[in-house]
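The values are calculated or read from the model by the stated rules, or taken from the named source; none is laboratory data. Everything numeric here is computed off the predicted structure, so don't read it as measured data. All Cβ positions, even for glycine, are placed from backbone atoms using ideal geometry, and neighbour counts span all protein chains on display.
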């Protein structure tokens, strides 16, 4: 069944009114007819089964027949701090990270970041938020990940450490700690949060982090870890590392097993 | 230091002669000079430190100063059986899978495969092998993954089960077994192989596997597993699943810890 995240004000009692853009998609692209069923989501973790009542372009609405909690959300809130990079790589990371289960994306700029525009234009934000929404619909998530403003690395570390229970950074020169070792050092803390932990994960630019930046991590309690002996591209690491964390913490089990 | 995989016949005693294409890259693109160092690999897991002696276009050679075993290879031989799909996705999977540590790629065609050309043209094979080689150089691997001919699913399952110790398939409708559960059922077998296991992993097309195809898996001992509640795109699953397997089997530790 087709899935649509809709703004809060589209829901009124049992009735769901579709915004014009979604209405056009329902009518002209998907060619759905009155009487057919779709799923709508309110971005707070609920999914509504809606029977279409009218598919006129300026008047598309339906009635809610059932409501349930979305099963597809990760319990852990994982914030992915990613070095700003070329547009195609950024968009790749936003799409794949959403599928994997990332809850928030925070671009940052460090010494070797490929792209250094700290200001996110409105059109760029709109485009990236559309990618997040479409990936959330496709992967059957209950919430669209957040997209934060771009930060400098110092500020990103400060925010991450304030707002998260555990802070991690993938570092290709880390010679001691694997991800599993680092996670084992925080396993008691994570268990006490019974799956509702907030984890911040830093993925650096193509040129890596400088020694000084790694020092900033260590001074602030951000634990660096290795992703193994092979050198991963930045965008590969940004997709693989969250998946490994979710796997290690039991978040990749089939439905009703978490 | 720049890394180059070279054909076997480029190595003769202490001397390494570069093929014309690599010579052009060394001279015109990288602008290396006689006296500078490069790394060459023989695709059997060895790396040679080579000092350039001559960088003439038709006569580029160097002398081996040191030889060692490449540290970057995964001990497990993982064969990735992937449904044939659009070119950009295939190339993505070949590139990222190589970085992660896949040892062989075997395209297959099943009921819902998006692309159905069972014959691989010479130009396509050449292009895909170049992607594998470049990704192996970039990620500092010691061996270029193999690219097999395309198979039908029945034949792919037969070959996989004959040539591997453990056969797995990611299946989005699997409601019982997580990857960690499936791996725990074969942990004794894997331990007895002391890290040198051969694992086959099937990743299906965008439309998934049919019930009949899943039956073929189960009849032949291919174990199906879930990648969690979120629906991953095919290319995301193809990159994430090998990484999870390597992580679970301790192959993502930093150097000298495996």
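Strands (runs of 3 or more DSSP E) fully within segment B:154-237 that include at least 1 residues being in contact with a helix residue (DSSP H, G or I) (Cβ under 6 Å, 6 or more places away or on another chain) and without any contact (Cβ under 8 Å) to a residue 60 or more places away in the chain: B:166-170, B:223-225.
So that you can scan it fast, the table gives a plain yes or no per residue for (1) more than 14 Å from every other protein chain (Cβ to nearest Cβ); (2) surrounded by 16 or more Cβ atoms within 10 Å (Cβ to Cβ); (3) on the phi > 0 side of the Ramachandran plot:
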| site | (1), (2), (3) |
| --- | --- |
| A:176 | no, no, no |
| A:182 | no, yes, no |
| A:191 | yes, no, no |
| A:201 | yes, yes, no |
| A:204 | yes, yes, no |
| A:211 | yes, no, no |
| A:214 | yes, yes, no |
| A:250 | no, no, yes |
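When you scan segment A:217-235, how many residues do you find that are more than 25 Å from the chain's Cα centre (by Cα) and crowded, with 19+ Cβ neighbours inside 10 Å? The qualifying residues number 2.
Answer with yes or no whether residue A:42 is outside the structural domain of residue A:213 (by TED's automatic domain parsing), at pLDDT below 95, surrounded by fewer than 21 Cβ atoms within 10 Å (Cβ to Cβ) and under 26 Å from residue B:233 (Cβ atoms). Spelling it out, residue A:42 is indeed outside the structural domain of residue A:213 (by TED's automatic domain parsing), at pLDDT below 95, surrounded by fewer than 21 Cβ atoms within 10 Å (Cβ to Cβ) and under 26 Å from residue B:233 (Cβ atoms). The set of residues from segment A:114-148 being more than 14 Å from chain B (Cβ to nearest Cβ), modelled with pLDDT under 95 and part of a loop (DSSP other than H, G, I, E, B) comprises A:114, A:115, A:116, A:117, A:118, A:119, A:120, A:121.
The rows are residues; the columns are (1) surrounded by 15 or more Cβ atoms within 10 Å (Cβ to Cβ); (2) touching a helix residue (DSSP H, G or I) at 6+ places or on another chain (Cβ under 9 Å); (3) closer than 18 Å to residue A:236 by Cα.
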residue	(1), (2), (3)
B:60	yes, yes, no
B:63	no, no, no
B:67	no, no, no
B:70	yes, no, no
B:79	yes, yes, no
B:83	yes, yes, no
B:89	yes, yes, yes
B:97	yes, yes, yes
